[in-house]
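Reviewing the structure listed below.
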Amino acid sequence: MAGEIEEYAVDFALMGLTPAHIEWAMGYPMGSAPDALPEIIEELLFEAPAHSEGRVGARTISPAMVELAVDGITLEGVPFATGRRIASLLDVSESIVVFAATAGPGMDRWIKNYFDSGDPMRGYVADTIGSEAVEGAANWLEERIIDRAIESSRYTTSRFSPGFCDWDASEQHALFSLLPENFCGIRLTDSALMLPVKSVSGVLGIGAECERVTTACSICTLETCFRRRT
């Protein structure tokens with residue numbers, strides 16, 4: 001498999017999670033969480049490192065193997081219908097990085113144990129910690145990619161994932177066809193669900209004229225997303 005491939009373990013401490021971060025992710029502005037919640041968040045953030053098995057990785061697709069169109073991209077002959085919004089933000093890319101990140105199977109088991117034991121509040125908090133942990137791991141990888149791009153006088157786009165904006169989640173299978181088997185310990189179900197569940201994947205562009213959006217959410221039109229802020 002051609003193209004630069006990298007893979008790393010990521011310690012939980014590098015994922016950048018704080019109690020305030022988890023409260024925000026659960027939809028509570030600073031100081032507005034119910035009385036019992038901050039204590040539970042503190043408790044579970046203390047527990048979480050023992051269950052985290054963070055892994056991240058990426059493969060860089062060379063410019064010669066990247067084709068850009070108005071409504072999608074093609075990588076090594078594999079087409080992706082990303083939709084016009086994402087395609088427009090990748091359209092000045094030279095190379096494309098395909099990435100994956102996971103908080104690991106231990107995180108999934110930890111979350112499930114709370115729900116199975118009849119403690120949905122702790123289950124919900126643990127689930128939020130797992131989601132934010134994998135995003136933190138992906139952020140850690142992204143920062144490495146940004147720093148390396150800057151060293152070669154290049155910039156990056158934001159990262160975009162199947163299931164985001166107009167990009168159908170079913171294209172996870174095509175995306176993972178560009179990565180080594182069992183990359184970062186992640187596998188896909190027939191319905192394109194990643195296992196471990198607390199995993200993310202996607203692409204970002206690198207090029208002399210690439211720019212980042214303030215947040216990926218700023219270009220998304222999904223009205224039902226729990227992260228949408230009015």
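What follows is calculated from the coordinates using simple rules that are stated; it is not laboratory data. From a predicted model like this one, the values you see are computed outputs, not experimental measurements. Positions of Cβ are generated from backbone atoms using ideal geometry, with glycine treated the same way; all protein chains shown enter the neighbour counts.
Once phi is turned into ³J(HN,Hα) by the Karplus curve 6.51 cos²θ - 1.76 cosθ + 1.60 with θ = phi - 60°, what whole-Hz value does each residue of the stretch 13-25 show in order, with x for glycine and proline?
Using θ = phi - 60°, the values come out as 4, 7, 7, x, 8, 10, x, 4, 4, 5, 4, 4, 5 Hz.
Taking the Cα atoms only, what angle lies between the long axis of helix 120-151 and the longest principal axis of the chain, rounded to 10 degrees?
The angle comes out near 30 degrees.
Which one, V78, I206, V125, projects farthest toward the positive side of the charge dipole computed for the chain from Cβ point charges (K/R +1, D/E -1)?
V78
Would you mind working out the magnitude of the charge dipole of the stretch 1-118 relative to its Cα centre, with +1 at each Lys and Arg C-beta and -1 at each Asp and Glu C-beta, to the nearest 20 Debye?
Computed about the Cα centre, the dipole is about 340 debye.
If contacts are Cα pairs under 8 angstrom and at least 6 residues apart, what is the relative contact order of the chain in percent?
25 percent
Identify, among G27, P180, L14, the residue whose Cα sits farthest towards the positive end of the charge dipole of the stretch 4-219, taking +1 on the Cβ of Lys and Arg and -1 on the Cβ of Asp and Glu, with the dipole about the Cα centre.
P180
What whole number of Å gives the distance from the Cα centroid of the stretch 160-178 to the Cα centroid of the stretch 1-36?
A separation of 22 Å, based on Cα centres.
Using 0.36 nm times the number of residues separating E151 and E211, minus their current alpha carbon distance, what extension gain do you get?
Roughly 20.0 nm would be gained on extension.
Full-extension gain between D116 and Y8, please, as 0.36 nm times their residue separation minus the C-alpha to C-alpha distance.
35.7 nm is the gain from fully extending D116 to Y8.
Does anyone have the angle between helix 37-47 and the longest principal axis of the chain? Alpha-carbon axes, 0 to 90°, nearest 10?
It works out to around 70 degrees.
Each residue of the stretch 57-74 in turn: what ³J(HN,Hα) in whole Hz from Karplus with 6.51, -1.76, 1.60 and θ = phi - 60°, glycine and Pro shown as x?
For the stretch 57-74, the Karplus-derived couplings read x, 7, 10, 8, 8, 5, x, 5, 10, 10, 10, 10, 10, 6, 10, x, 9, 10 Hz, x marking Gly and Pro.
Fully extended, how many nm does the chain gain between M30 and L193 (0.36 nm per residue separation, minus their Cα-Cα distance)?
Extra length available between M30 and L193 comes to 55.4 nm.
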